[in-house]
Amino acid sequence: MRDKTCCTWRPGVPLDLVATVGRFTVSRNEPVNLFDGRTFKRVLEAEDGKLHLLCVHAIGSGLCVEIFPAISGRRIIADLRKNLFHILGIKDDLAAFGQIARDDQVLWPLFQRFRGLRISRVPTLFEALITAVTAQQINLSFAGTVRSRWHRSPRFSAAPLDPGSATAPNR
């Protein structure tokens, strides 16, 4: 049995992975979204309630995704793809903004310069609440510390974990 599943996913829109997930490097205490400048790591819960570590890096116009532990179900892979694409803002339609920016001498050069930059998101309302509360703290370092304390469980952390044994708690 393989220990990981490898996929190549094509977003179908311009995506600058480094620029999109680079915001996660602002706080050195970031426990959930790990990014080393090349590979983005994130634990996501699949529809079957199991947790999977996704390691993602850009290859050409696509994404190379390694999923730990290995899975074979197409539905689970599709669910993880949907969740990752949500986090990366892939479904956001920037075409209308591009049309507006095209006629603006200030916006158009910026639109072209940052082509592929997406607005990253959080996958759950609970995580959105945690992020909203901690983002209002005195400074990013303190906010990161508070957030990391809330996220000190395998359910949220992309830090080293044994994803094969991780299961989401009952709701």
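The values are calculated or read from the model by the stated rules, or taken from the named source; none is laboratory data. Everything numeric here is computed off the predicted structure, so don't read it as measured data. Using ideal geometry, Cβ is built from the backbone for each residue, glycine included, and neighbour counts are taken over all protein chains shown. These accessible areas exclude ligands, DNA and RNA; they are computed on the full protein's heavy atoms, side chains included. Shrake-Rupley method; radii C 1.70, N 1.55, O 1.52, S 1.80 Å.
Annotations
- Measuring only protein heavy atoms, the 1.4 Å probe finds Ser120 accessible over about 20 Å².
- The residues of region 67-149 expose, per residue, 67 Å² of accessible area to a 1.4 Å probe.
- 3J(HN,Hα) couplings calculated from phi for region 89-106 with the Karplus curve 6.51 cos²θ - 1.76 cosθ + 1.60 (θ = phi - 60°) are, in sequence order, x, 5, 7, 5, 8, 9, 4, 5, 5, x, 5, 5, 5, 4, 8, 10, 5, 8 Hz; Gly and Pro show x.
- Contour minus Cα-Cα distance for Asn29 and Asp16 (0.36 nm per residue): 2.3 nm
- Those lysines that a straight Cα-Cα span of less than 26 Å connects to Lys91, excepting residues fewer than 8 apart in one chain: Lys41, Lys50, Lys82
- Qualifying trypsin sites (Lys or Arg not before Pro) for region 24-67 [loop in DSSP, other Cβ within 10 Å: at most 12]: Arg28, Arg38
- Peptide packing for 122-134, 91-103 was compared via the average number of neighbouring C-beta atoms within 10 Å per residue; ordered from the highest value, the list is 122-134, 91-103.
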